[in-house]
Amino acid sequence: PQACPAQGRLAVRENGAFPAPAKQGTMFPLSDSGHYCSDDSARFAETWRAMQLLVDKGLARSIGLSNFNAAQLLEVLAIPGTKPSILQNECHPYLQQARLLHLCRENNVVFQAYSPLGSADRPWRRFAAGDPARPPPPGGLEVLSNPVVVELARR
């Protein structure tokens with residue numbers, strides 16, 4: 001769910017979505033300036049506190065985070081009460097997240113990698129399709145085409 005100001009209510013949008021995607025036909029709509037739309041009034045600390053209440057009421061056994069950076073994780077860890085049990089973030093050979101992994105280990109937070117071998121919606125697919133605004137992947141190779149990855153897979 002997407003965080004939004006609590007104002008005395010549960011700090012989670014019912015459908016968890018930014019209101020514009022249906023209009024633009026995408027989950028990630030762009031503003032008129034070309035930036036991704038976001039709820040700038042969102043406060044994830046408020047949402048975290050609301051999620052902690054779910055644990056306190058027995059409605060959830062554990063709660064976690066997704067797509068948080070180290071500073072955001074530290075902010076949540078500083079909130080008294082239930083700590084995150086898991087952090088799910090993109091992590092693969094081209095985006096290794098070493099600092100974040102270390103921080104998770106230090107604080108007993110399980111780190112779960114998503115897209116560990118690349119993703120179908122990676123930005124450089126558009127480059128390959130002729131969109132010059134998207135750069136090629138690091139090293140010019142897809143993760144699954146990287147010679148080191150291929151060699152490890154052969155073993």
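The values are calculated or read from the model by the stated rules, or taken from the named source; none is laboratory data. Keep in mind it's a predicted model, so treat the numbers as computed, not measured. Areas reflect the complete protein model, heavy atoms only, side chains present, ligands, DNA and RNA absent. Shrake-Rupley method; radii C 1.70, N 1.55, O 1.52, S 1.80 Å.
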Can you sort L101, L144 by 1.4 Å-probe accessible area, starting with the largest?
L144, L101
Integer Hz, Karplus 6.51/-1.76/1.60 couplings in order for segment 103-118, x for Gly and Pro:
4, 4, 4, 4, 10, 6, 10, 5, 9, 10, 7, 10, 6, x, 10, x
